[in-house]
1. Within the stretch 271-303, what residues put their amide N at less than 15 Å from the label point 7 Å along the Cα-to-Cβ vector of Glu333?
2. Can you give the FRET efficiency for Asp313 and Asp57, using 1/(1 + (r/R0)^6), R0 = 22 Å, r = Cβ-Cβ distance, to the nearest 0.05?
3. I want the local charge near Ala306. Using Cβ-Cβ distances under 13 Å, sum +1 for each Lys or Arg and -1 for each Asp or Glu among the other residues.
4. Report, in degrees rounded to the nearest 10, the 0 to 90 angle that the Cα long axis of helix 378-388 makes with the longest principal axis of the chain.
5. By a straight-distance test (C-alpha under 22 Å), which lysines pair with Lys277 as possible cross-link partners, with residues fewer than eight away in the same chain excluded?
6. By a straight-distance test (C-alpha under 27 Å), which lysines pair with Lys366 as possible cross-link partners, with residues fewer than eight away in the same chain excluded?
7. Considering the options Ser320, Thr206, Pro358, tell which one lies farthest towards the positive end of the dipole of the chain, charges being +1 on Lys and Arg and -1 on Asp and Glu at the Cβ, about the Cα centre.
8. Quote to one decimal, in nm, the extra length available between Asp102 and Asp369 on full extension: 0.36 nm per residue of separation minus the C-alpha distance between them.
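Read-outs: derived from the displayed coordinates by stated rules, not from any lab. Every value quoted in this text rests on a predicted model; they were computed, and no experiment measured them. Please note: Cβ atoms are built from the backbone with ideal geometry, for glycine as well, and neighbour counts cover all protein chains shown.
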Amino acid sequence: MSTILPGSATTAEQLTTLFALGREVTSVLDLDELLPKLPQLIARLTKFEAFAVYLLDPESDQLSIAYSVGYPDDTVRTLRMHRGQGLVGAAVAAGEPILVNDVSEDPRYFEAVPGSKAELVVPLRRKGRVIGALNLLGDTAGQFSETDEAMLRQFAAHVAVAIENARLFEHERDYTATLEALAEIGREFGAILDLDELLTRIANLTRRVIDYRTFGILLVNEETQTLEAKVSVCYGEQTRAPGVKLGEGLVGYAALHREIVLVPDVSADPRYLDVVKDARSELVIPLLFQDRCIGVFDLESPDLNAFQKSHVDILKLLASQAAVAIENARLYETVRAHQLRLDKEVRFAQRVQTALLPTELPKRLKGVDVAARFAPARSEHAAARRTKGRRRARRVFMSVSVLPRP
């Protein structure tokens, strides 16, 4: 392993520069701001023609370019390297820098930038694990020295800390924003009492916290013991989806057992029903209300392992809010239907009462003025229902004013 040895003015200047660069890079907490700074700072340490930051995806164990200078756009967009593949993958696998001053002589070399002659790769290590690599390419054989390797290694240690800090900061910021969005969504759910409008709104608002490809809301029909598809969105378009019997498929299983179902590869799960043709992974969240499943959220994706624990946690919170809102909307529909029926009955009673009244006032009596007023007994009807159960009471009131003549 090469190190920077003290004892010369040049080395002292390099150490001073490294210290200053380390402080500068670790002070940045935004990853999008941090990555473009790296080639600018490394240029103060050594010369290069092309530069790239590779980051390792722990799920797929693949390296991809997070930021680059001098790389072809197509390469940046499509290049994926497994651990151990190419010089970058080899450095990540070994956890040690690799310096090759004539890439034509190394069989591990993978040409990402045409015309490159030399390559220096330094892994990014944090707490005993490799999270990526810094890669320098030169157009001249023998361009990089052992001093360059040692300086870049020291700088990479600061970069790894900065990347982890930026990721942690971004995660906390996103989590806070998600909680705020969920609170806002919950308030909006509570303000909607029309069931169809509510379900459509749930599908639209869910996209604010989960960028889904296919999303469905299925509600339990207690009479038929089936899940009926109320909302189905596929790639942003409303679609029609079939119902499912309780216990069948992943959605039926989740509803029947009242538990979350997360399947990274639906082709490997015998419970899966082939409804969405390009589905590769699926996540089903039951809608629970007072220990009773009233329906499910169903998300499907054309990508393998598309849904993570973070998606589950977010959708659990959203599902609990949605379940309450759905039950409130259902209750409102029941009360509204009952009120409409009651209003219809009252109007009918009023017509009957009106027909029973005399069409003319009594003949005028000597010394007496007669007047009449008719008032439908709707409030009396309601009071009678409260005190006498379901028996209906409708009354006609006639007030007679007897005014003696002076």
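1. Correct set: 294-296.
2. E between Asp313 and Asp57, to the nearest 0.05, is 0.60.
3. Counting the neighbours of Ala306, the net charge comes to -4.
4. Result, in degrees: 80.
5. Cross-link targets: Lys230, Lys245.
6. Straight-distance partners of Lys366: none at all.
7. Of the candidates, Pro358 comes out farthest on the positive side.
8. 83.8 nm
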